[in-house]
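What follows is a set of notes on a single structure, which appears directly below.
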Ligand SMILES: Cc1ncc(COP(=O)(O)O)c(C=O)c1O
């Protein structure tokens, strides 16, 4: 029998960020996780091949299903979120697609907080509609709005606890209560917090999704997404989830929940949605992301420390009308931030300029150290003026409703010397 | 999975001491979980003796199917139960009554739990695991489950020896 390692109970977050999922490679002893740059894997014999295809034993077939580098990333994120299992995808959006494809049938509905990354609103509101899935958007700052939007066809609740673009925090425990009453899973996009700042499963959420493109990879190098399941949701309740509890025709009538139990959801997402639609994460990106995660705890500490200094500086600046950061005394979300994100409410936030649209364009064009681009969660500090870029197609009314009014600037505070960041903003604000 | 917690050392000890498993509820339908588990455990070197009254006397994966535990002529260390929680109670009692066949461990499958029967079996000197699958636990402890993104909860910087079949099974 092979050697076993020790149970991870008692190992801290930092240890797991470095070790979870990644033992030395048995053949060579390679200490770092090899990049298994291979599309496919040799079978032992015909019987072995048949058993792998039937899912009756564990092993690698083809990298559209599993890859040894990608599976290290999956186990590591599952561990950091205290989940049972995870499946990786090519991007955060692909992870969301795998999740909803596994949950929903045509005609089904779900309810999402309106305080979401704009790209998720487009995916849910427009592209999912073409697949026969309806998303009802609600103002999640009053959790009861979720309950009011639930119909007999509702199969999930979706939210970002720490919402992109920052500053707003949704009261997860209340949403979890509503999900339990309705017998449907609560899904949290934990991208903006990362598992270092917030762990939704600990508060009763059922599924966590990440765009690993952001803080997990952390250096702006690699696209990726992950879905984590808690393993605690009972998929048999109410007959609502036939894809988990009914025989799957493409696996000779295998029933995923019965066969795989508490990792049945991610197994189904992989064995059917990933297999049939194909948005896999590449081994190279998984390697970059695994490496990034090894310093997640150190980076997040500095991200939130720098963000707090920058937010306080801006709040005191005469040309700034308002700053929306939950770490500020003035924030209406400060209490929820202390409850759900005691180590700090992230490092992405908005502020408003007294000078409106012209002033916004001037600032993004005048900064030297902040990079003007559309991403967040990089070591580098980032800046964007949504009204002139990502939200340009919307009417002024729509822009304001989306939190992207003409005066709004969004920052993702990086890891540079904070004095240099303040000096750069100072010269740009003029 | 329920709130039952078992130490990894306990589970590993059971998997290491066991050579032969009587699998109650083993099915000849090859997409049933019991069939998967039987085939997998055989591939890891265990002998698995199927027990299923409806299929008694037939052959399943190279083994004769028996009607009940008492009918098995050979020694076995583990009884792995693929039945509902109520039926599992009776089977555990049956196992305790014939434990001189070498029986040390009662193992109830995922979703199967019968606390009263477990207490009786423990009083009779048997070790009981409930709501777990030996296939999944074997895969988790020896690294194979991690290939499917499952959180094995194992941390180690030791170089693993290459996975071997336990015996020439
Ligand atoms: C909160 C959040 N969720 C999801 C996504 C989408 O992830 P990706 O760009 O990796 O598809 C993003 C990207 O900006 C995001 O910020």
Counting DSSP beta bridges in the range B:8-133, what percent are antiparallel, to the nearest 5? 10 percent
As I understand it, the value is the acute angle between the Cα axis of helix B:33-43 and the longest principal axis of the Cα atoms of chain B; what does it come to in degrees, rounded to 10? 70 degrees
Pull out the extension gain between residue B:120 and residue B:56, defined as 0.36 nm times the separation in residues minus the alpha carbon to alpha carbon distance; nm, one decimal. 20.3 nm
Classify the range A:197-249: rounded, prolate or oblate, from the alpha-carbon gyration tensor (a ≥ b ≥ c, eigenvalue square roots; a/c under 1.5 rounded; otherwise prolate if a/b is larger than b/c)? oblate
Suppose R0 equals 56 Å; then what is the FRET efficiency for residue B:10 and residue A:322 from their Cβ-Cβ distance, rounded to the nearest 0.05? 0.45
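Cα gyration tensor of the range A:164-318, axes a ≥ b ≥ c as square roots of the eigenvalues: rounded (a/c below 1.5), prolate (a/b > b/c) or oblate? Can you show the working numbers first?
Numbers: a/c = 3.10, a/b = 1.61, b/c = 1.93.
Oblate, because a/c is 1.5 or more while a/b does not exceed b/c.
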Report, in degrees rounded to the nearest 10, the 0 to 90 angle that the Cα long axis of helix A:296-315 makes with the longest principal axis of chain A. 20 degrees
To the nearest 0.05, how large is the calculated FRET efficiency for residue B:63 and residue A:153 if R₀ is 35 Å and r is the Cβ-Cβ distance? 0.15
For residue A:388 paired with residue A:275, estimate the spin-label separation in nm (one decimal), with each label point 7 Å from Cα along the Cα-to-Cβ line. 5.1 nm
From the helices alone, meaning DSSP H stretches of at least four residues, give me the mean residue ellipticity at 222 nm for chain A, per-run term -39500 (n - 2.57), in deg cm²/dmol to the nearest 500. -9500 deg cm²/dmol
Name all residues of the range A:374-395 having a backbone nitrogen under 13 Å from the label point set 7 Å from the Cα of residue A:313 along its Cα→Cβ direction, giving them as ranges. A:381-382
Write down the radius of gyration of the range A:1-146 and its Dmax, each obtained from C-alpha positions, in Å. 19.8, 58
Zero-based 10 Å bins, Cα pair distances in the protein assembly as shown, whole percents: 3, 16, 25, 23, 16, 9, 4, 2, 0, 0
Order of B:32, B:140, B:161 from fewest to most other C-beta atoms within 10 Å? B:161, B:32, B:140
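With N denoting the number of residues in the range A:13-292, provide Rg(C-alpha) divided by 2.2 N^0.38 Å, to two decimal places.
Ratio of Rg to 2.2 N^0.38 Å for the range A:13-292: 0.98.
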Which semi-axis lengths, in whole Å and largest first, follow from the square roots of five times the eigenvalues of the Cα gyration tensor of the range B:1-52? 22, 15, 10
Within the range A:242-277, the residues whose backbone N lies under 16 Å from a label point placed 7 Å from the Cα of residue A:62 along the Cα-to-Cβ direction are A:250-252, A:270-277
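Order of A:196, A:325 from fewest to most other C-beta atoms within 10 Å?
Arranged by neighbour count, lowest to highest, A:196, A:325 become A:196, A:325.
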Give the calculated FRET efficiency between residue B:97 and residue B:30 to the nearest 0.05, with a Förster radius of 41 Å applied to their Cβ-Cβ distance. 0.80
Can you compute the helix-only [θ] at 222 nm over chain B? Use -39500 (n - 2.57) per DSSP H run of at least 4 residues, normalise by all residues, nearest 500 deg cm²/dmol. -9000 deg cm²/dmol
Could you work out how far apart the two model spin labels at residue B:86 and residue A:39 are, taking each label as a point 7 Å from the Cα in the direction of the beta carbon, and quote it in nm? 5.4 nm
What does the convex hull of the Cα atoms come to per residue for the range A:358-429, in Å³? 75 Å³
Measure nothing but the geometry: give the 0 to 90° angle between the long axis through the Cα atoms of A:68-80 and the longest principal axis through the Cα atoms of chain A, rounded to 10°. 60 degrees
Which distance in nm do the two modelled labels at residue A:420 and residue A:334 give, with both placed 7 Å along the Cα-to-Cβ direction? 3.2 nm
Note on chain A: contact order normalised by length, alpha-carbon pairs under 8 Å, 6 or more apart, percent, works out to 16 percent
Note to self: C-alpha centroids of the range A:94-140 and the range A:18-92 sit apart, in Å, by 29 Å
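Using only alpha carbon pairs under 8 Å that are at least six residues apart, calculate the relative contact order of the range B:8-133 and give it in whole percent. Walk me through the intermediate numbers first.
Numbers: 233 pairs, mean separation 26.3, N = 126.
Taking the mean separation of contacting Cα pairs over the length of the range B:8-133, I get 21 percent.
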Name the shape class, rounded, prolate or oblate, that the alpha-carbon gyration tensor gives for the range B:1-118, where a ≥ b ≥ c are the square roots of its eigenvalues, rounded holds for a/c under 1.5, and otherwise prolate holds if a/b is larger than b/c and oblate otherwise. rounded
If you average the C-alpha positions of the range A:165-234 and of the range A:387-430 separately, how far apart do those two centres end up, in angstrom? 25 Å
Separation of alpha-carbon centers, the range B:120-139 and the range A:312-352, rounded to whole Å: 52 Å
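All of the numbers you see were taken from the coordinates with simple rules; none came from a lab. Keep in mind that this is a model prediction, so the values were computed, not measured. Note: ideal-geometry Cβ built from the backbone for every residue, glycine included; neighbour counts use all protein chains shown.
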